[in-house]
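The values are calculated or read from the model by the stated rules, or taken from the named source; none is laboratory data. These numbers were taken from a predicted model, which means no experiment stands behind them. Here Cβ is always computed from backbone atoms with ideal geometry, including for glycine, and neighbour counts include all displayed protein chains.
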Amino acid sequence: MCMQMVRRILVPVDGSCHSDKAVGEAALIAAAVDAQIDLLYVSYFAPDTDDVLTKVSWLPDSVVGSTTKTSQLILEHGLSLLPAQLSYKTHVAVGIPATAIIEFAKENETDLIVIGARGLGIVEGFLLGSVSQEILDLAQCPVLVVK
Amino acid sequence: MGCSRILVPVDGSENSFKAAQQAIDLGLCCEAELEFLHVVNLGSSLSRSQANAQQTKDTSVLEDVIDRGRKILDQALDLVPETLKAKGHCVSGVPETAILQEAQKCDVIVMGTRGLGALRAVLVGSVSSYVLNNAKCSVLLVKADKK
């Protein structure tokens, strides 16, 4: 796979500073090869879990809240880091992050995945996040891990 | 990213040459300088018994190993187009340590996930894993082809 043939770069985002860095690096590569950036946010909950008709919510707002709003904010933040001329698309998926990301990459023929080394879930002593680690194991395309 | 120096560890495996090609493509995108690195792991080349044996035998094993290393570097350098600056470097030591040492002068490391030493079942080899976890710079990992 030649860099010149990189058409689509997948950047999973979660709003962490590492994912911001990943967006920045992906943008540099995308600009050089004229690729499209796919920003992907994965949520554990589908928007219909916060159905307003069901008044009883057994999960607090801070957890379920408005997933639509959270995904919008995070994706908008990611977009704000991209230079104007770049072609991009934003996506939201529901599920287990690593699985959803790999699924997306397969379905959309992603040529390169750019991901932060760590995300929001920082555990002391772990230098590489669990999601990044799993993506690395399962990805079929090259993975750029941004420190 | 400040991608002006790319470190490319090569061990002669197919995966490492695939990574080398990827590094060349990245280098062309970013107009970077490439540094191919081959680490001669003396520990695995010389058994204890050989080390205790005649001195002359030891020297020829060492020479053979370094010679093989140089050939690998030459093979990698042959892939580089004239428009790109690249050099090859052969050092001895523990691969992961030597790679991290050289990486201090580089902006990104491009390497395979599985080299000569790894079993087929291993998705990410021990050297790649160690380098990925401990590098301060970004690491682009090139997956081995499924066979």
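Residues that are at positive phi and away from chain A (no Cβ under 11 Å) occur in the range B:84-95; there is at least one. For the range B:58-68, the condition of being β-branched (Val, Ile, Thr) and at pLDDT 90 or above holds for none of the residues. Within the range B:98-134, restricting attention to residues that are part of a helix (DSSP H, G or I) and of a type in the set (S, T, N, Q), the residue that is nearest to the other protein chains (Cβ to nearest Cβ) is B:Asn133.
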